[in-house]
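Working notes for the structure below.
The values are calculated or read from the model by the stated rules, or taken from the named source; none is laboratory data. The shown structure was predicted, so the numbers you read here are calculated from the model rather than taken from an experiment. Cβ coordinates were reconstructed from backbone atoms using ideal geometry, including for glycine residues, and neighbour counts include every protein chain displayed. These accessible areas exclude ligands, DNA and RNA; they are computed on the full protein's heavy atoms, side chains included. Shrake-Rupley method; radii C 1.70, N 1.55, O 1.52, S 1.80 Å.
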Amino acid sequence: MLPSAFLERMKRLLGDEYEAFLASYDRPRNTGLRLNPRKVAAALPFCAERVPWEPNGFYLLPDVRPGLHPYHDAGLFYLQEPSAMAPAGLLDARPGEIVLDLCAAPGGKATQLAAAMEGRGLLVCNEIHPKRARILSSNIERLGVTNALVLNEHPAKLSERFPRFFDCILVDAPCSGEGMFRKEDAAVTDWSEETVAMCAERQGEILRSAAEMLRPGGRLVYSTCTFAPEENEGVISRFLHDRPDFYAEAVDAPWFDRGRPEWIEDSADGVERAFRLWPHKLRGEGHFAAVLRRGGEAERTLPAMQKPAALPEPVRAFLAENGLPFSGGAVLFGDSVFLAPAFLPDLRGLRVLRAGLELGEVRKGRFLPAHALALALTDFPVTADFPADSPQIGAYLHGQTLFAPQSGWTLVCADGHPLGWAKGAGGVLKNHYPKGLRRI
């Protein structure tokens, strides 16, 4: 049962469109996935037609459960609602840029940005809630992202630390979730008009923090998954009134409806250039997005930068012996060794979950390769490759021992796609799949 106050507002705003909007709630919702182009280029068996606004996006066939498939564990795709693929595409992140996803959990848009960046530049992914930040970090790992810094910080703290640093910023702001009413029962039960007002206030604060971190000439996308004008056009309008150095940019996106400046008072110029995604007009849930540009020349303020350490000798030896294409400086957290990405800022005083690619641990002079390294690889000299539907892959994902002739560190693969490590000796492959990921 949808909230009566919500329905009354939507009827007032939509007028003749209201009946079509209401009828969309009686249709099955659309589900989708986005391929990870780093690992796969062709459609997978559970894919239907493409999502028009995302080259790697597909609608799912009915009655499939791809989250249970080993390809999910191998990071070949990310399950993502089709409309949720729009904001990262509008941001248009490019290889070599310095990019921030400010409210990044659970990681769908962050991994979409990573795909666009092709492993070049720096992707900072932040989430203020610790539990959600850990989920974000896990998804960054699963999709084999090598150039991400994952943080668990308040946006205001980051704005003080990184003024005018980023080329582009995505603010997928926490919202009242009206666009998710068809998807999540909790979105309905948690909704109230007071929640809408509270979210709008918080969104304005987050957007102001983000603006401080964008370099002149940079671009910012603000998005929500709600219909409420207070959280959408209202937030953007107040921001543009307060920040004359920003303007709403016109972007060609023919699949989406325009913003509705007539739904708010004293609308700023350009609000009509925002986008609304309606469930009665496209195959997806409700979303809002606005593309903002900061005026001025491309001038970046660099913060203090991290001084990488040298890779420990056991790590260098493992990489060289196996012909792995990783080199550069290291970030050390106890025994753990991360390969530092480009433009990595000084990490002191920050809550860091991931600083580039985790290579592994050095213990008593021995190197133990990390699960993240396995998922980032496209090639390794010693592999144990089994069909994805084989008993061996099922046993491996449950943490069981495998029997195979390989010796030493071995990359276990499903149809050629890396899943994780095992270590072979005497015809036995000891399972090194992380315990926290093993299937019950």
Task: Index of the failed condition, ALA289 passing every other in (1) more than 17 Å from MET180 (Cα to Cα); (2) aliphatic (A, V, I, L, M); (3) crowded, with 19+ Cβ neighbours inside 10 Å - done: (1)
TODO: List the number of the failed condition for PRO106; all other conditions in (1) of a type outside the set (Val, Ile, Thr); (2) touching a Lys or Arg at 6+ places or on another chain (Cβ under 7 Å); (3) open to solvent by less than 10 Å² (accessible area, probe 1.4 Å) hold.
DONE: (3)
Open item on the list: So, in segment 56-79, how many residues would count as being open to solvent by 10 Å² or more (accessible area, probe 1.4 Å) and in a loop (DSSP other than H, G, I, E, B)?
Closed with: 7
Task: Those residues of segment 255-282 which are of a type in the set (Phe, Trp, Tyr) and either free of Cβ contacts under 8 Å to residues at least 60 places away in the same chain or open to solvent by 10 Å² or more (accessible area, probe 1.4 Å) (or both), in sequence order - done: TRP255, PHE256, TRP263, PHE275
TODO: Scan LEU347, LEU353 and give me the residue that is part of a loop (DSSP other than H, G, I, E, B), within 23 Å of LEU100 (Cα to Cα) and either in contact (Cβ under 8 Å) with a residue 24 or more places away in the chain or open to solvent by less than 30 Å² (accessible area, probe 1.4 Å) (or both).
DONE: LEU347
Open item on the list: Please verify whether LEU33 is assigned to a strand (DSSP E or B) and either buried (at least 18 other Cβ atoms within 10 Å of the Cβ) or touching a helix residue (DSSP H, G or I) at 6+ places or on another chain (Cβ under 9 Å) (or both), treating the condition exactly as stated.
Closed with: yes
Task: Only listed residue being touching a helix residue (DSSP H, G or I) at 6+ places or on another chain (Cβ under 9 Å), loosely packed, with under 13 Cβ neighbours inside 10 Å and among the acidic types (Asp, Glu), chosen from ASP389, ASP415, ASP379 - done: ASP389
Open item on the list: Let me spell it out: the conditions are (1) assigned to a loop (DSSP other than H, G, I, E, B); (2) free of Cβ contacts under 8 Å to residues at least 24 places away in the same chain, and THR301 meets all of them except one. Which number is the exception?
Closed with: (2)
TODO: Could you tell me whether LYS11 is among the basic types (Lys, Arg) and touching a helix residue (DSSP H, G or I) at 6+ places or on another chain (Cβ under 6 Å)?
DONE: yes
- [ ] Check segment 334-341 and report whether any residue there is over 25 Å from ASN431 (Cα atoms), open to solvent by less than 60 Å² (accessible area, probe 1.4 Å) and at pLDDT 95 or above.
- [x] yes
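One line per residue, one yes/no per condition, for (1) in contact with a strand residue (DSSP E or B) (Cβ under 7 Å, 6 or more places away or on another chain); (2) surrounded by fewer than 16 Cβ atoms within 10 Å (Cβ to Cβ); (3) free of Cβ contacts under 8 Å to residues at least 60 places away in the same chain:
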site	(1), (2), (3)
SER137	yes, no, no
LEU143	yes, no, no
MET180	no, no, no
VAL188	no, no, no
VAL196	no, no, yes
Open item on the list: For segment 420-440, which positions are hydrophobic (A, V, I, L, M, F, W, C) and either in contact with a helix residue (DSSP H, G or I) (Cβ under 6 Å, 6 or more places away or on another chain) or not in a strand (DSSP E or B) (or both)?
Closed with: TRP421, LEU437, ILE440
Open item on the list: Among (1) surrounded by 16 or more Cβ atoms within 10 Å (Cβ to Cβ); (2) touching a helix residue (DSSP H, G or I) at 6+ places or on another chain (Cβ under 6 Å), there is one condition ALA211 misses while meeting the rest; what is its number?
Closed with: (2)
Task: Condition check for SER336: closer than 30 Å to LEU207 by Cβ and among the polar types (S, T, N, Q) - done: no
TODO: Please find, within segment 392-401, the residue that is nearest to LEU143 (Cα to Cα) out of those that are open to solvent by 20 Å² or more (accessible area, probe 1.4 Å) and assigned to a helix (DSSP H, G or I).
DONE: GLY394
TODO: For segment 177-186, indicate whether the set of residues that are touching a Cys at 6+ places or on another chain (Cβ under 8 Å), small (Gly, Ala, Ser), more than 19 Å from ARG238 (Cα to Cα) and assigned to a loop (DSSP other than H, G, I, E, B) is non-empty.
DONE: yes
TODO: Give the number of residues within segment 356-367 that are of a type outside the set (Asp, Glu) and crowded, with 17+ Cβ neighbours inside 10 Å.
DONE: 6
Task: Lone unmet requirement of (1) over 24 Å from the mean Cα position of the chain (by Cα); (2) open to solvent by 20 Å² or more (accessible area, probe 1.4 Å); (3) at pLDDT 95 or above for ARG300 - done: (3)
- [ ] Might you check whether a residue that is open to solvent by 80 Å² or more (accessible area, probe 1.4 Å) and farther than 26 Å from ARG164 by Cβ occurs anywhere in segment 242-254?
- [x] yes
